[in-house]
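To start, the structure itself, in structure tokens.
The values are calculated or read from the model by the stated rules, or taken from the named source; none is laboratory data. These numbers were taken from a predicted model, which means no experiment stands behind them. When we count neighbours, we look across all protein chains shown, and the Cβ atoms used for this are built from the backbone with ideal geometry, even at glycine.
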Protein chains: 2
Amino acid sequence: MSSLSQIIRHTAQIHGDRVATRLGGRSRTWREIQDRVSRLASGLQGLGIEEGDRVAVLALNSDRYFEFYFGVSWAGAVYVPVNNRLAPAEFVHWLNDSGSKAVFVDDNYVAAIAEIRDRLETLQHFVYMGDGDSPDGYLAFEDLVKFSAPVKASGRAGDDMAGLFYTGGTTGKSKGVMLSHRNHSYNVLQALPYFDVSADDVFLHSAPMFHLADGFFCLMAATLGCRNVILPAFEPTRVLQTMQNEGITTALLVPTMINMVVNQPDIDSYDLSSLRHLIYGASPMPEAVILKAMEVIPHAELTQAYGQTEASPVITVMGPEYHTTTGPKAGKLKGAGRAIAGIDLAILDDDGNELPAGEVGEVCIMGDNVMLGYWNLPDITAETLRDGWLHTGDGGRLDEDGMLYIVDRVKDMIVSGGENVYSAETEQAIYQHPAVAECAVIGIPHESWGEQVHAIVVLKAGESVTEQELIDHCKTLIAGYKCPKSIQFRDEPLPLSGAGKILKKDLRAPFWENRDRNVS
Amino acid sequence: MSSLSQIIRHTAQIHGDRVATRLGGRSRTWREIQDRVSRLASGLQGLGIEEGDRVAVLALNSDRYFEFYFGVSWAGAVYVPVNNRLAPAEFVHWLNDSGSKAVFVDDNYVAAIAEIRDRLETLQHFVYMGDGDSPDGYLAFEDLVKFSAPVKASGRAGDDMAGLFYTGGTTGKSKGVMLSHRNHSYNVLQALPYFDVSADDVFLHSAPMFHLADGFFCLMAATLGCRNVILPAFEPTRVLQTMQNEGITTALLVPTMINMVVNQPDIDSYDLSSLRHLIYGASPMPEAVILKAMEVIPHAELTQAYGQTEASPVITVMGPEYHTTTGPKAGKLKGAGRAIAGIDLAILDDDGNELPAGEVGEVCIMGDNVMLGYWNLPDITAETLRDGWLHTGDGGRLDEDGMLYIVDRVKDMIVSGGENVYSAETEQAIYQHPAVAECAVIGIPHESWGEQVHAIVVLKAGESVTEQELIDHCKTLIAGYKCPKSIQFRDEPLPLSGAGKILKKDLRAPFWENRDRNVS
């Protein structure tokens, strides 16, 4: 039966002596990972963690974070990766709502936990993931590994829950997405035929491991036996240095990260020749950023993955062959890719009827990668999984070749004067102006139109453009009603969620104080 | 949920206009395949075929055979591909044991069916797969397609049974291996990372489609959207002509077929430049044949797959990197490959304990590709799937890198020319001759078939029979490939163990000196 423990046993059997993880100067082989994971599981069981119990983690990326996923699974427990960018009140909600019995914490979050500790209702154990001495009240991760004898992996597998991933931090109340062992292992196998990767690849983890984009990347690496070079967090200069020094072949980055990397002024001073594969996803990618990446690192193939946590997460992939501006496959850069193997993808109307190619409706899928449901939310689960389809909440259409175009993230749509304006489309237009570094398009209140299209823009250093010039630029690209009516320039970067998504909720908030924004 | 219908829907969505099958001059696209499959399913339902009913096929390879697999699945029924090399008495057993309600037959087997028709207990419908007029009592495949409106695919998926594949029986009785939709679709995804194939590949089907080796190849092609060029049966000259004329990139052949192809005297007169990938498996591959293939078609990469029907079927793969006589990966040509993703592979001793690398025991696996069980044989199922492990019946050992070496078949089975021959079945046939006192059937080395079926016989006092007479006698009872190719008469009784079992190990020993038996 498919399980995360099976993945580790398999890879330790065939790639035992190869390097699995690297953090700073520290390397561990797959055989060592298996040994440590089985000891960590043993230690957790010794603490009274039982099958199905939840175990949370609140930390930056590390090799121990990687081991956490597999150690918790090996023990038969359920991992709960906590978004490390949340406010303390949100940490409390996630830890209590999941009913976590233990939490793993690194040096960066010991203080945050101390602050909320008396509001945590179910936690019994605190495990310290750092390299120093354990803080008071913490057991050391390394002691759990060192003083526990290896155990056989739990038999939990297949449809048993493996992890609980909270989503919705940027759009409202958090929901815990229950993913099974099969969801995880199946989605990796479904996606692998579309990624040109093998055991010889060296992966860079700089996107946060708590998010399933990089979580998936960890599982893909473990399935194949790739080397994993881990950075605690994303920082463009360190990413470039690490790509050069560690011979990174494959990196997973979200669009905002790629935008920052390819716009580093000194990018030409790094030797990025080993990089042959850049995977991006998790939020809409402005076409201008893709083109910039193709120009700056022309030898690296680009692959886009579209999905959501509820789909474990990959739904569609757009391979390197579509990242071109010439030839028969050009012109699809606005696409999100095509359904991967093992997925039924359909565009459904409001009554659940399948729509033909070209028509816009809700992107819905079926497959063994679809979540078990939302934790303790049977009504929302039933609504989301109705008629056997996972309703993604994204609006989209297919073309004749099955290419998916996301036209409307349902929660990121502006209704202005009765017209639907998709923020992503307006943002794409703005990004094509050479002076623009970052932008976000939101709806703000308007007396007669309901909402007005508003853009918040960060310019590149030394560049300038006026509000009117930028609006005129947009008018050459998209319909007038989709162009911003007002533009606000700011100097500081746009606020990002832990997953690297622009926090539009925060950008909208000042405009909507004491008003209802009547958009679904 | 994973299902064969999902595979067709997915591929028709993204590769609808591309050619799916070619037979002679006839081509059909994936969109046409989906349409035809849904109509065929509709026709079957109109005949009263219900979910879970068995539908058999007895035919050579064809595009309609390809559609048969998916059409039966689309209807929610269970396909039963019948080995077309069997003797009539064996056809009767398979059709009756499976309780098939309908059988699909091509021109080559109409006469054979007529001969046994009054012994078929459950068949209600006979479907003619040929291009001519339907014989009496047959419905035409094309009429079922033409006169039935497309239907929605059955919801059968996941753990529901998709197919019943009969394998030779050690007790003289064939066992039906029940494979689920998930078994099939999962095994394709597990194996794909190790095959360098994509939608642009052109597959050659010349191995028999009733066997799961090529059945798997059909499913792999359907999953990716590859073109399938189909030959009715294997014939070396047609294989070479087809490789040249159709631009074949990828062929699946059993070792005896490769042996015949690479030894064609005029092989140099064919343009085989499109061929880049040769997959082999299903029986032991003599190293000399591998070396010959590497010499004759040096531009084609070789990949070995080891498995069995009970595993859907792929268990291990040995990639092109090991098909070398130089460099660090040389010297493993006798290996069977390493476990593919999603498989736990262990070498177990008789008590079920896992043995360390280097020690010989039974090859056992776990994974979502392991069969549901044997049809109507709960005791043998329990014995084969005990403690959660599929016991393959093959003896083997692992090396430090997880490379599997098959050293013996624990079950008394001979693999000759890609076909499994169970000694007990051949022995039963021999024993039916009145002159025979004792006999033992073993596999002895054969350069092109891997093993040859060899019998050692003790005659009754005063009786006599020639080698040829005894072989002819067997041919009236069992398929030709199961009959002994050579017989050795001896006067003294066969050697027995203390428990009274014939010591086959001792009988085999002189033939296998200095050779590895059943090396894959």
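Within the stretch A:196-249, the set of residues being on the phi > 0 side of the Ramachandran plot and free of Cβ contacts under 8 Å to residues at least 60 places away in the same chain comprises A:GLY247 only. Has the stretch A:167-181 got any residue that is surrounded by fewer than 24 Cβ atoms within 10 Å (Cβ to Cβ), in contact with a Pro (Cβ under 8 Å, 6 or more places away or on another chain) and over 14 Å from A:VAL103 (Cα atoms)? No, the stretch A:167-181 has no match at all. Among the residues of the stretch A:379-390, the one identified as in contact with a strand residue (DSSP E or B) (Cβ under 7 Å, 6 or more places away or on another chain), surrounded by fewer than 16 Cβ atoms within 10 Å (Cβ to Cβ) and away from chain B (no Cβ under 14 Å) is A:ILE380.
Is it the case that the stretch A:131-152 has a residue that's within 14 Å of another protein chain (Cβ to nearest Cβ) and either among the charged types (D, E, K, R) or crowded, with 17+ Cβ neighbours inside 10 Å (or both)? Yes; the residues of the stretch A:131-152 include at least one that is within 14 Å of another protein chain (Cβ to nearest Cβ) and either among the charged types (D, E, K, R) or crowded, with 17+ Cβ neighbours inside 10 Å (or both). Name the residue, out of B:ASP118, B:ASP131, B:ASP97, B:ASP136, that is free of Cβ contacts under 8 Å to residues at least 60 places away in the same chain and either part of a helix (DSSP H, G or I) or of a type outside the set (D, E, K, R) (or both). Being free of Cβ contacts under 8 Å to residues at least 60 places away in the same chain and either part of a helix (DSSP H, G or I) or of a type outside the set (D, E, K, R) (or both) holds for just one of B:ASP118, B:ASP131, B:ASP97, B:ASP136, which is B:ASP118.
Condition check ((1) aliphatic (A, V, I, L, M); (2) touching a residue at least 12 places away in the same chain (Cβ under 8 Å); (3) in contact with an Asp or Glu (Cβ under 8 Å, 6 or more places away or on another chain); (4) away from chain B (no Cβ under 14 Å)) across all residues:
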site	(1), (2), (3), (4)
A:VAL254	yes, yes, no, yes
A:GLN264	no, yes, no, yes
A:ARG276	no, yes, yes, yes
A:GLU287	no, yes, no, yes
A:ALA305	yes, yes, no, yes
A:ASP351	no, no, no, yes
A:GLU362	no, yes, yes, yes
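When you scan the stretch B:316-335, do you find a residue that is more than 12 Å from chain A (Cβ to nearest Cβ) and within 26 Å of B:MET178 (Cβ to Cβ), even just one? No, there is no match, as no residue in the stretch B:316-335 is more than 12 Å from chain A (Cβ to nearest Cβ) and within 26 Å of B:MET178 (Cβ to Cβ). Taking the conditions (1) closer than 22 Å to B:ALA12 by Cβ; (2) away from chain B (no Cβ under 14 Å); (3) of a type outside the set (D, E, K, R) in turn, A:ASN376 satisfies each one other than (1).
Among the residues of the stretch B:369-393, those identified as in a strand (DSSP E or B) and either assigned by TED's automatic domain parsing to the domain that holds B:THR167 or out of contact with any Cys (no Cβ under 6 Å at 6 or more places or on another chain) (or both) are B:GLY373, B:TYR374, B:LEU390, B:THR392, B:GLY393. Considering the stretch A:283-356, the qualifying strands (runs of 3 or more DSSP E), each wholly inside and each with 1 or more residues that are among the acidic types (Asp, Glu), run over A:301-307, A:344-348.
Scanning the stretch B:383-405 for residues that are within 24 Å of the chain's Cα centre (by Cα), small (Gly, Ala, Ser) and under 30 Å from B:PRO328 (Cα atoms) returns B:GLY395, B:GLY396. On the stretch given as the stretch A:1-41, residues that are among the small types (Gly, Ala, Ser), surrounded by fewer than 22 Cβ atoms within 10 Å (Cβ to Cβ), away from chain B (no Cβ under 14 Å) and in contact with a helix residue (DSSP H, G or I) (Cβ under 8 Å, 6 or more places away or on another chain) total 0. Screening the stretch B:220-239 for residues that are within 14 Å of another protein chain (Cβ to nearest Cβ) and in contact with a Phe, Trp or Tyr (Cβ under 9 Å, 6 or more places away or on another chain) and picking the one that is surrounded by the fewest Cβ atoms within 10 Å (Cβ to Cβ) gives B:GLY225. When B:ALA251 is tested against the conditions (1) within 30 Å of A:ASN369 (Cβ to Cβ); (2) touching a helix residue (DSSP H, G or I) at 6+ places or on another chain (Cβ under 9 Å), the lone failure is (1). Residue pairs whose Cβ atoms lie under 8 Å apart, separated by 6 or more positions or on different chains, with the first residue in the stretch B:412-423 and at positive phi and the second hydrophobic (A, V, I, L, M, F, W, C), are B:GLY417/B:VAL254; B:GLY417/B:TRP449; B:GLY418/B:ALA207; B:GLY418/B:ALA213; B:GLY418/B:VAL254; B:GLY418/B:MET257; B:GLY418/B:ALA282. Within the bounds of the stretch A:391-400, is there any residue that is surrounded by 18 or more Cβ atoms within 10 Å (Cβ to Cβ), among the hydroxyl-bearing types (Ser, Thr, Tyr) and at pLDDT 90 or above? Checking the stretch A:391-400: at least one residue is surrounded by 18 or more Cβ atoms within 10 Å (Cβ to Cβ), among the hydroxyl-bearing types (Ser, Thr, Tyr) and at pLDDT 90 or above. Spot the failing condition for B:VAL421; the list is (1) surrounded by 19 or more Cβ atoms within 10 Å (Cβ to Cβ); (2) in contact with a Ser or Thr (Cβ under 9 Å, 6 or more places away or on another chain), and only one is missed. Of (1) surrounded by 19 or more Cβ atoms within 10 Å (Cβ to Cβ); (2) in contact with a Ser or Thr (Cβ under 9 Å, 6 or more places away or on another chain), only one is false for B:VAL421: (2). Within the stretch A:448-495, the set of residues being crowded, with 18+ Cβ neighbours inside 10 Å, closer than 18 Å to A:THR256 by Cβ and either touching a residue at least 40 places away in the same chain (Cβ under 8 Å) or not assigned by TED's automatic domain parsing to the domain that holds A:TYR422 (or both) comprises A:ILE456, A:LEU494. For the stretch A:355-378, a tally of residues being surrounded by fewer than 13 Cβ atoms within 10 Å (Cβ to Cβ) and charged (D, E, K, R) returns 1.
The one condition from (1) within 23 Å of B:GLU51 (Cβ to Cβ); (2) part of a strand (DSSP E or B) that B:SER185 does not meet is (2).
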